[in-house]
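Asker: After the structure tokens below, expect a handful of questions from me.
Derivation of every value follows stated rules applied to the coordinates shown; laboratory data play no part. Model, not experiment: these values are computed from the prediction. Neighbour counts run over all protein chains shown; Cβ positions are idealised from the backbone, glycine included.
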Amino acid sequence: MDTRNERVSRALDTLRIELPSWGFANTGTRFGKFLQAEAATCVEDKFSDAAEVHALTGACPTLALHVEWDFPNGIADVGSIRTLEHKYGIRSGSINPNLFERQEYKYGSICNPDPAVRRMAVDHLLESVRIARELRSRDVSLWVADGSNYPGTQSIARRIEWMEEALAATHAALDPGQRMLIEYKPFEPAFYHTDIADWGMALLLARHAGPQAVVLVDTGHHYQAQNIEQIVVWLLREGLLGGFHFNDRRYADDDLTLGSIDPYQVFRIFHEILSAGAKAGEVAYMIDQSHNLKGKMEAMVQTVCAAQELFARAALVDRAELARLQDGCQLVEAEECFRRAFFTDVRPAVRAWRVEHGLPEDPLAALRASGYVERIRSQRAAANARAVSTYA
Ligand code: PSV
Ligand code: MN
């Protein structure tokens, strides 16, 4: 029988968590932003911050990039991104097309009734696939913000057709090793109907698009009380769970630190993935948070540490014993077996894993002691102050 430390160590060796470039920049809510002097002001800052988080946690070798924000010149920026990859030892991760910010997308992007706008959106998707290919990124992660605000104002059915056409065209452009991740969200920015509102719609769209299309589960994108781990089990069973966007939520898509509201939910999700025997990397774990109040660097380190601890706890579930108890319908014993792992204090084992890998025992304390945040604050304050004045 393995010791607790060995099980935790083996589990953490397999856990990779992608950082979002936009999580280091000044972003906020639609009601405003509280600007941070240390926020990233350019793509290089984002690579630098990601490298720091990786050095502290040992789990984050890739950075998710958003095309509109990180490639202002489109594919022409690939060369400078490659230079940054080498300079900071961080690889480009998922490539995220942006189908939600241009004025042309007021009535939708790939579901817009205007064929010229749909064409523009598909061209952007195809360019995103080319960028991903150039950077050897496996995943193109797609969130479609399309929808409508008033009943009867759009044909839901025709918009499905247009969406299928766009996704098929994007899928056809993928290289054999690439994947197209389809993210769903039940609300915001559309209030009446959202074109990809839930995992069922995302799953059907993925099936229609082709074998390299899979579903992306953003933990913030569900109605209250929805059982996310059950969705995860179904997607795993269908071979369609592409990955996650990690955050937490109290009401809506709140962009909170992972597990800050409900760590038990994250544990249950990890348990189902480990129970299904998913191979490392098959399910992409990505963070999708833009902190408005917490320091961005600290919040990111905190989320990675929370993910590591909850993953470690899920790895401690005695799955053979649990299966036996489930088969015998020994409800109390089964639940206690499950809870025993959840309530285990894995922090000593996680610290041991860090020491074994030459990492700081306490990444958050190490970040504070490093002076990194103070350094970037003084380097970036002027540029961020200029950003403030543009709002005046
Ligand atoms: C939308 O709320 C979302 O979850 C999508 O993943 C976007 O790409 C991301 O947030 C950043 O706006
Ligand atoms: Mn997301």
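Asker: Could you tell me the center-to-center distance, by alpha carbons, between segment 163-188 and segment 245-286 in angstrom?
Answerer: 22
Asker: Provide, as a two-decimal number, the C-alpha radius of gyration of the chain over 2.2 N^0.38 Å, N being how many residues it has.
Answerer: 1.00
Asker: Moving on. Show me the ranking of peptides 202-215, 74-87 by mean Cβ neighbours inside 10 Å, starting with the highest.
Answerer: Result, highest mean Cβ count within 10 Å first: 202-215, 74-87.
Asker: Ordered by packing density, taken as the mean number of other Cβ atoms within 10 Å over each peptide's residues, highest first, how do 177-185, 192-200 rank?
Answerer: 177-185, 192-200
Asker: Sticking with this one: Considering every Cα-Cα pair within segment 1-95, what fraction, in whole percent, is farther apart than 20 Å?
Answerer: 45
Asker: Explain nothing, just the number: dipole magnitude of the chain about its Cα centre with +1 on each Lys and Arg Cβ and -1 on each Asp and Glu Cβ, in debye rounded to the nearest 20.
Answerer: For this selection, approximately 520 debye.
Asker: Can you compute 3J(HN,Hα) from phi for each residue in segment 194-200, using the Karplus curve 6.51 cos²θ - 1.76 cosθ + 1.60 with θ = phi - 60°, rounded to whole Hz and x for Gly and Pro?
Answerer: Listing the rounded values in order: 10, 5, 10, 8, 8, 5, x Hz.
Asker: Which whole-Hz ³J(HN,Hα) couplings does segment 299-309 yield from phi under the Karplus relation 6.51 cos²θ - 1.76 cosθ + 1.60, θ = phi - 60°, glycine and proline marked x?
Answerer: Taking θ as phi minus 60°, the curve returns 4, 5, 5, 4, 5, 4, 5, 4, 4, 4, 5 Hz for segment 299-309.
Asker: Listed here are the pairs 87/296; 46/294; 46/106; 87/294; which of them are more than 25 Å apart at the Cα?
Answerer: Violating the 25 Å Cα-Cα cut-off are 46/106; 87/294.
Asker: Then there is this: Peptides 105-111, 227-233: what's the order by average Cβ count within 10 Å, highest mean first?
Answerer: Averaged packing, sorted descending, gives the order 105-111, 227-233.
Asker: Let me ask another. Calculate one ³J(HN,Hα) per residue across segment 84-91 by plugging θ = phi - 60° into the Karplus curve 6.51 cos²θ - 1.76 cosθ + 1.60, and present them in order as whole Hz with x for glycine and proline.
Answerer: So the J values, rounded to whole Hz, are 5, 4, 5, 4, 9, x, 10, 8.
Asker: Please give the calculated 222 nm ellipticity per residue for the chain, where each DSSP H segment of at least 4 residues contributes -39500 (n - 2.57) and the sum is spread over every residue; nearest 500 deg cm²/dmol?
Answerer: Calculated from helices alone, the mean residue ellipticity at 222 nm is -15000 deg cm²/dmol.
Asker: Which Rg and Dmax, in Å, describe the Cα atoms of segment 102-174?
Answerer: Just the Cα atoms of segment 102-174 yield Rg and Dmax of 13.0, 43 Å.
Asker: Calculate, for residue 204 and residue 368, the FRET efficiency according to 1/(1 + (r/R0)^6) with r their C-beta to C-beta distance and R0 45 Å; round to the nearest 0.05.
Answerer: 0.45
Asker: Then there's this: Per 5 Å bin from zero, what fraction in whole % of the C-alpha pairs of segment 286-391 is there, up to the bin with the longest pair?
Answerer: Distribution as computed: 2, 10, 13, 14, 14, 12, 9, 8, 6, 4, 3, 3, 1, 0 percent.
Asker: Show the residues, 5+ positions off or on another chain, whose built amide H is closer than 5 Å to the amide H of residue 285.
Answerer: The list, which skips near neighbours in sequence, is 18, 244.
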